[in-house]
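Asker: I have a structure I would like to understand better, so I am pasting it below and will then ask my questions one at a time.
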Amino acid sequence: MLEVMRRQEKKTYAYPTAFSVWGNEEYDAIRRVINSGQFTIGEEVEAFEHEFASYHGMNHGIMVNSGSSANLIAAAALANKEDRPIRRGQRAAVPALAWPTTYAPLRQYGLDLVLMDCDDTWTATIPKMFDIQLVVGVSILGNPAYLAAMKEFARTRSAYFIEDNCESLGAKTPDGKFCGTYGLMNSFSFFYSHQISAIEGGMILTDDSECAKLCRMLRNHGWSKDTATCFDNEYDFRLFGYNVRPLEMHAAVARVQLRKLDEHRKVRQANVKLFREMTKELPIKHQLLVGEPDPFGLSFIVPTTNLRKRLANALREFGIDCRPPTGGSFRKHPYGFKWWNQRTPNADHIHDCGMFLGNGAVDLSDKIERAVKVMKENL
């Protein structure tokens with residue numbers, strides 16, 4: 001039993017991949033929720049939905065319990081639209097490099113996947129095909145994708161366009177618009193290591209009233225409780241929904257974090273600038289950043305898989321954590337075997353040779369210097 005416990009112990013790193021950026025305000029927000037006695041969805045959630053939507057210039061915000069759930073509810077809403085719902089067997093164009101829950105809801109609703117390979121930005125390039133009913137844009141690790149071009153590509157094919165923006169909250173495209181505002185629906189994550197650190201939580205933004213109504217019902221068991229008019233229809237279930245409702249505590253913390261987002265973005269950008277300056281002579285290839293990114297990782301590619309393995313071991317030996325890029329290439333995982341015939345060489349190369357160090361909204365100068373020293377000794 002003692003040996004099992006030792007194996008389960010989590011190593012603590014002097015330079016982790018995620019950082020606490022909480023102050024007294026976040027703990028005050030938690031105490032406010034505790035004092036209220038309201039822990040599940042309530043006034044804090046409603047206030048945060050309004051504030052988050054307003055920050056992005058969008059009409060509707062629907063908070064859920066995670067970014068993954070936000071993707072699920074968005075897919076479910078598309079399947080339940082009155083006009084042109086998505087159907088099993090239709091095709092969705094998705095980035096080959098993304099997180100697993102970008103793909104999972106689409107497959108669970110019966111869509112086939114057309115993989116879009118990426119370029120030096122690590123974000124997807126547009127495929128040359130016509131038979132597409134849905135396009136999913138994903139801005140990778142805080143770096144804006146080609147969202148305007150993807151939206152136009154979808155429009156010319158009468159396809160829906162949605163964004164999975166769980167990794168890139170606060171980032172802006174070269175035309176000055178926030179990522180997460182281009183799609184019919186747009187998902188966000190407030191996981192501990194992301195730009196807004198609320199432990200857990202997610203959001204869907206949309207300007208479409210029908211989608212907003214569907215998302216709210218699907219979040220709450222498929223229940224139309226918001227339109228109840230009397231005792232007899234208080235329990236009126238119209239859709240096969242889920243329970244992915246958020247907690248008041250997460251919303252209260254996220255409200256505080258949202259007010260800090262602009263300043264935190266500047267700090268993360270400064271860390272990226274320092275890291276790139278200090279590693280400019282190393283044989284690595286940095287992720288090409290565009291627009292105004294909001295990266296929570298210091299991302300790069302090393303020449304070979306073996307060299308990456310050696311570097312990862314050396315960094316961790318010196319107390320510096322690191323990890324592979326996002327969720328890696330879809331085709332390189334067991335669940336992607338069916339799509340092995342679709343060629344995505346750039347995503348595969350990033351999967352095999354890419355990595356990133358942590359980047360938080362704190363000055364990491366000393367930690368970056370230590371990491372670069374190890375990199376210089378092993379590359």
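Asker: Using only the alpha-carbon atoms, what does the range 229-375 span along each of its principal axes? Please give whole angstrom values in decreasing order.
Answerer: Projected onto the principal axes, the Cα atoms of the range 229-375 cover 71, 44, 32 Å.
Asker: Further question on the same structure: Would you order 55, 103 from fewest to most other beta-carbon atoms within 10 Å of each residue's own beta-carbon?
Answerer: Ranked by crowding around the Cβ, least crowded first: 55, 103.
Asker: Extent of the chain along each principal axis, from alpha carbon coordinates, in Å, largest to smallest?
Answerer: 72, 55, 52
Asker: How long is the gain from residue 225 to residue 270 if the chain were fully straight, where each residue apart is worth 0.36 nm and the alpha carbon distance is subtracted?
Answerer: Computed gain between residue 225 and residue 270 is 11.5 nm.
Asker: List the residues whose amide H sits under 5 Å from the amide H of residue 323, counting only those 5 or more places along or on another chain, with H placed 1.01 Å from N in the peptide plane.
Answerer: Counting only residues 5 or more places away or on other chains, the set is 356.
Asker: Taking only Cα atoms, what is the 0 to 90° angle, nearest 10, from helix 248-278's long axis to the longest principal axis of the chain?
Answerer: 30
Asker: Specify the residue with the greatest mean-square fluctuation among 95, 303, 293, computed from a Gaussian network of the chain linking alpha-carbon atoms under 10 Å apart.
Answerer: In this elastic network of the chain, the residue with the biggest mean-square fluctuation among 95, 303, 293 is 303.
Asker: Treating the beta-carbon of each Lys and Arg as +1 and of each Asp and Glu as -1, no other charges, what is the dipole magnitude of the range 1-122 about its Cα centre, to the nearest 20 debye?
Answerer: For the range 1-122, the charge dipole is close to 640 debye.
Asker: Charges on Cβ only, +1 for Lys and Arg, -1 for Asp and Glu, centred on the Cα centroid of the chain; of 59, 170, 303, which one is farthest towards the dipole's positive end?
Answerer: 303
Asker: Anyone know which of 250, 221, 264 comes out most mobile in the 10 Å Cα GNM of the chain?
Answerer: 221
Asker: What whole-number distance in Å separates the alpha-carbon centres of the range 319-340 and the range 234-285?
Answerer: What the calculation gives is 21 Å, centre to centre.
Asker: Next up: How many nm is it between the label spots at residue 104 and residue 208, if each spot is 7 Å from the Cα in line with the beta carbon?
Answerer: If labels sit at residue 104 and residue 208, their model points lie 2.3 nm apart.
Asker: Let's see if you can work this out: charge +1 on each Lys and Arg Cβ, -1 on each Asp and Glu Cβ, no other charges. What is the dipole magnitude of the chain about its Cα centre, in debye to the nearest 20?
Answerer: Taking the Cα centre of the chain as origin, the dipole is about 1320 debye.
Asker: Here is the link list: 213/260; 172/285; 81/213. Which ones come out longer than 18 Å on Cα distance?
Answerer: Beyond 18 Å: 213/260; 172/285.
Asker: Just to check I understand the Karplus step: with θ = phi - 60° and J = 6.51 cos²θ - 1.76 cosθ + 1.60, what whole-Hz values come out for the range 339-355, glycine and proline as x?
Answerer: 9, 4, 6, 7, 7, 9, x, 5, 5, 5, 5, 5, 4, 7, 10, x, 6
Asker: To continue, here is another question. So how far, in whole Å, is the C-alpha centre of the range 126-158 from the one of the range 54-90?
Answerer: 16
No lab work stands behind these numbers, since they all come straight from the coordinates. This one's a predicted model, so the numbers in the text were calculated from it and none came from an experiment. Positions of Cβ are backbone-derived with ideal geometry, glycine not excepted, and every protein chain shown enters the neighbour counts.
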